[in-house]
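Have a look at the structure below before the remarks.
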Ligand code: NAD
């Protein structure tokens, strides 16, 4: 599809929406069931595409992309009827008799723009919400994961209603052309830089936007935690998808003595999860492209490499790497790392660690490893982040009832499960009151007598 076709495509979707095609519950269910069938029937294709784009293993593709989507579809199908049902509220005495309801209605035509790091999941998960809510939608996969983009463009139209769902492949030019169109919701996942471009374009049409951005998610560790277990969980969460995960622990924060004891345990955990010949281990992913690779290499000078550091540009292989003695103002601590480099950053004490985190952009997630109830409670009360977990990095995504999204610099709006349904719906206030009996003239309409004034 060329850029010139985009206005026509969007107009076609708008026409389908205006005809009421997407509203019936049966239509919504058929789309979700279609998505599920596509994932089951073409799992090998999607796995191969994710392997080509990111060196993602089949098991990881199932865990974090295909299986995640299947679980979300099942979760949505089993609750959709309940979510769609109008919710009744009590009307205040002066308005009674009356019925008040909140009615969820679809917004219209949604646009979903996805990044390259979980290129299937981050495109289709918002689409599940858009379709469940009865919208038409355009999905724009990332051009930086070209094999996955192609697989989606090839298969998706065979499993959903083409009159209401379109795939537009491409990069900046195509996305810019899309953003000139009027949409009823734009759901963007990616960097803050492009998030600002999207939000500005959306403002021209007063289109509501969800921005799922990134940031530096801290992992705080103190001496009360079992460091061997902590190391294993941090290593898993950090080196999943070779560190290219928006909610990966970006860096570890702790007292010098704790970090000194944690560092060798992190090295042990890397060996336990990925072995010692990691380059030949298919469980470990690859860096998406040369530009990202070069950016990561540039961080290696920002600290002392205590584990890893090996890299091979031709193979886009970057060894799980731990940096110690990192300066708080260095580039690796200014940028979101988005790769397999884990800086260990010293904090004098808990106050210093909290000040460090609250003095920066609000992260997408914060991970706290401490057995102290007081320490946990202080992180919960005194810091702000999209999510906060205790001993469970990244795992909050698996609880579909939890809203997933950022705050401040990590974005706004949220999704997953019911939150996706609400994001792509307008919650319309509906109030209905009979004309008889007339309860208004004797109570809230002028002339105001002393008796009425007492009532108001
Ligand atoms: P990106 O912003 O470069 O690209 C994302 C999308 O925007 C792509 O589809 C791309 O084609 C489009 N795009 C790029 N430049 C554009 C422009 N000038 N105008 C219009 N559209 C444009 O992001 P990325 O590099 O693919 O993703 C990395 C970032 O995404 C990281 O910051 C990461 O933390 C964040 N992220 C967030 C989440 C989340 O759920 N919050 C998930 C994954 C990634």
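Computed from the coordinates by the stated procedures, all read-outs in this text should not be read as laboratory data. Since the structure is predicted, the reported quantities are computational estimates derived from the model, not experimental observations.
Bridge orientation summary for the chain: considering DSSP beta bridges with both residues in this region, about 35 percent are antiparallel. Rg then Dmax, both in Å and based on the Cα atoms of region 175-220: 12.3, 44.
Here the average projected area of the convex hull drawn through the C-alpha atoms of region 68-165 stands at 8.1 nm². Specify whether the C-alpha gyration tensor of region 195-305 places it in the rounded, prolate or oblate class, a ≥ b ≥ c being the square roots of the eigenvalues: rounded for a/c under 1.5, otherwise prolate if a/b is larger than b/c and oblate if not. Note, shape of region 195-305 comes out prolate. Just to be sure I understand the curve: with the Debye formula and one point per C-alpha of region 107-261, what is log10 I(q)/I(0) at q = 0.13, 0.14, 0.16 Å⁻¹? Here the Debye-derived log intensity ratios amount to -0.67, -0.74, -0.87. Of all DSSP-defined beta bridges confined to region 52-164, some 40% are antiparallel rather than parallel.
I need to check one value: relative contact order of region 106-173, counting alpha carbon pairs closer than 8 Å and at least 6 residues apart, in percent. For region 106-173, the relative contact order is 34 percent.
In whole percent, what relative contact order does the chain give with Cα contacts below 8 Å and a gap of six or more residues?
19
Shape of the chain from the C-alpha gyration tensor: oblate (a/c of 1.5 or more and a/b not above b/c, with a ≥ b ≥ c the square roots of its eigenvalues).
Rounded, prolate or oblate, given the Cα gyration tensor of region 9-49, with a/c below 1.5 counting as rounded? Present the calculation step by step, with values, prior to reporting the outcome.
Details: a/c = 6.53, a/b = 1.88, b/c = 3.47.
Since a/c reaches 1.5 but b/c is at least a/b, the shape of region 9-49 is classed as oblate.
Against the chain, whose longest principal axis comes from its Cα atoms, helix 43-54 is set at around 60 degrees.
Mind jotting down a quarter of the surface of the convex hull over the alpha carbons of region 321-433, in square nanometres, one decimal? Intermediate results must be reported in sequence, preceding the final value.
Numbers: hull surface 40.6 nm².
So the mean shadow area of the Cα hull is 10.1 nm².
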